[in-house]
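Please read the structure below before turning to the comments.
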Amino acid sequence: MLSVIKNLIGQLFQPKQLMLRQNGRVSLLTVPTWLQITLTLSVFATLVWLGFATAQYFKQKNGLSQLNDSVVLKEQAWQSQKAALEAKLAQQNTRIAQLDAQHSVLNELMASLPSTITEDVEAHLNTPVEQTDSTQPAAQEHEHGDDFEQHAIELDGAQSKLLNQLHGLISRRNQVLITSMQEAGIQAQTSTQAQGGPYHQVQSGLLPNAYIQAIDSSVKLNQLENLVQTLPKSMPVKEDKYYISSTFGYRKDPITGRRAYHKGVDLAGWHKTQIIAPADGTVTRAGKNGGYGKFIEIQHANGVMTRYGHLHTIKVKKGQLIKQSDVIALMGSTGRSTSTHLHYEVLQDKKHINPVKLARVLERVQ
């Protein structure tokens, strides 16, 4: 067998002669069998190595491609998870901001309640008001979505319950004041005089409609309460110093005996009884005025005016600013009068109002 292989190799790789010609000289170069075999093996080994290297290159290339595809897919999944977490976090932050805004409104509604109803708050409000730190545990549990949502729902429910109770108190007080003003014949008017301060905008974009309605009701209530405070809420003579000698409305005229309409009320008392201002205001007239005799006219807020007739002594002058309970005159019987008394009128926008009814209504809503 070896001899056959040796003969085959000898036939394939017989010594060969290469003719080389250089500078006109010819020489022969013999390539022996062993050199041919060596060169052939070297070429064959080189080709085998190139084939193996090429195969490894494409294998690694395919592996890298698959690895890159895997990395891309994992990165896409991570980006998707990140986006979902960021969206959830943003949603939770918005929820926290909404709960915080609602909490601020509840605190401000409580703080702005007028003294006329704050005494009833404890009896009506059963929900604890201490909620300042309630949003903090929820904020610390962003990674626990279910826990956060549960806390948010519970807090929102407690806030809604408190809001409904507050809004109910405010609405009932509003209705009482509106009904009382209508009963007394007073038109509720708003004024922006002597008002100002830094602008703190309500975060209405974060608040449900129920909170906006409660805020509007609170604004209305404050306006009505301010109106009540500026109205003549008492008679201009101390209660134990007078009696009503002639009421508001139709009567028989004390001078002519004919039917007449009495646009005020007559308060009879002792001569020189003190007349006091029933509300703050500015004196617009002070002096004699025909049948009124010695007369005072005072302009109050919200278009309300009071008039005082048949005075003995006037203690104020035109343009003077007066405060409630200031003594403005002494009772007399000047002008068209049959005896010592005060003729007292209340007007709003030139419309006469029953002073006794007004005083009783305002006393009832204090």
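The values are calculated or read from the model by the stated rules, or taken from the named source; none is laboratory data. Please read all numbers here as calculations on a predicted model, not as lab measurements. All Cβ positions, glycine included, derive from the backbone under ideal geometry; neighbour counts span all protein chains shown. Heavy atoms of the whole protein, side chains included, go into the accessibility calculation; ligands, DNA and RNA do not. Shrake-Rupley method; radii C 1.70, N 1.55, O 1.52, S 1.80 Å.
A few notes on this one:
- Matching residues, the stretch 35-72, being more than 30 Å from Lys16 (Cα to Cα) and touching a helix residue (DSSP H, G or I) at 6+ places or on another chain (Cβ under 8 Å): none
- Any hit, the stretch 173-182, residues being open to solvent by less than 40 Å² (accessible area, probe 1.4 Å), in a helix (DSSP H, G or I), modelled with pLDDT of 90 or more and touching a His at 6+ places or on another chain (Cβ under 6 Å): no
- Per-region count, the stretch 212-266, residues aromatic (Phe, Trp, Tyr) and in a loop (DSSP other than H, G, I, E, B): 2
- A single entry from Gln36, Gln60 fulfils the requirement of being more than 30 Å from Ser218 (Cβ to Cβ), in contact with a Phe, Trp or Tyr (Cβ under 8 Å, 6 or more places away or on another chain) and not in a loop (DSSP other than H, G, I, E, B): Gln36.
- Gln92 fulfils the conditions (1) open to solvent by 70 Å² or more (accessible area, probe 1.4 Å); (2) in contact with a His (Cβ under 7 Å, 6 or more places away or on another chain); (3) not aromatic (Phe, Trp, Tyr) except for a single criterion, (1).
- Scanning the stretch 22-50 for residues that are under 17 Å from Ile9 (Cα atoms), at pLDDT 80 or above and of a type in the set (A, V, I, L, M) returns Leu35, Ile37, Leu39, Leu41, Val43.
- Test: residue in the stretch 254-275 that is basic (Lys, Arg), in contact (Cβ under 8 Å) with a residue 24 or more places away in the chain and touching a helix residue (DSSP H, G or I) at 6+ places or on another chain (Cβ under 6 Å): no
- Pairs linking a residue in the stretch 145-162 that is on the phi < 0 side of the Ramachandran plot to a residue that is among the aliphatic types (A, V, I, L, M) and open to solvent by 40 Å² or more (accessible area, probe 1.4 Å), with Cβ atoms under 8 Å and 6 or more positions apart or on different chains, are Ser160/Ala210; Leu162/Val129.
Condition check ((1) assigned to a loop (DSSP other than H, G, I, E, B); (2) modelled with pLDDT of 95 or more; (3) open to solvent by 70 Å² or more (accessible area, probe 1.4 Å); (4) among the hydroxyl-bearing types (Ser, Thr, Tyr)) across all residues:
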| position | (1), (2), (3), (4) |
| --- | --- |
| Ile328 | no, yes, no, no |
| Thr334 | yes, yes, no, yes |
| Val346 | no, yes, no, no |
| Lys357 | no, no, yes, no |
| Leu362 | no, no, no, no |
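- The lone exception for Val105 - which of (1) touching a Phe, Trp or Tyr at 6+ places or on another chain (Cβ under 9 Å); (2) over 30 Å from Val228 (Cβ atoms); (3) touching a residue at least 24 places away in the same chain (Cβ under 8 Å) it fails: (2)
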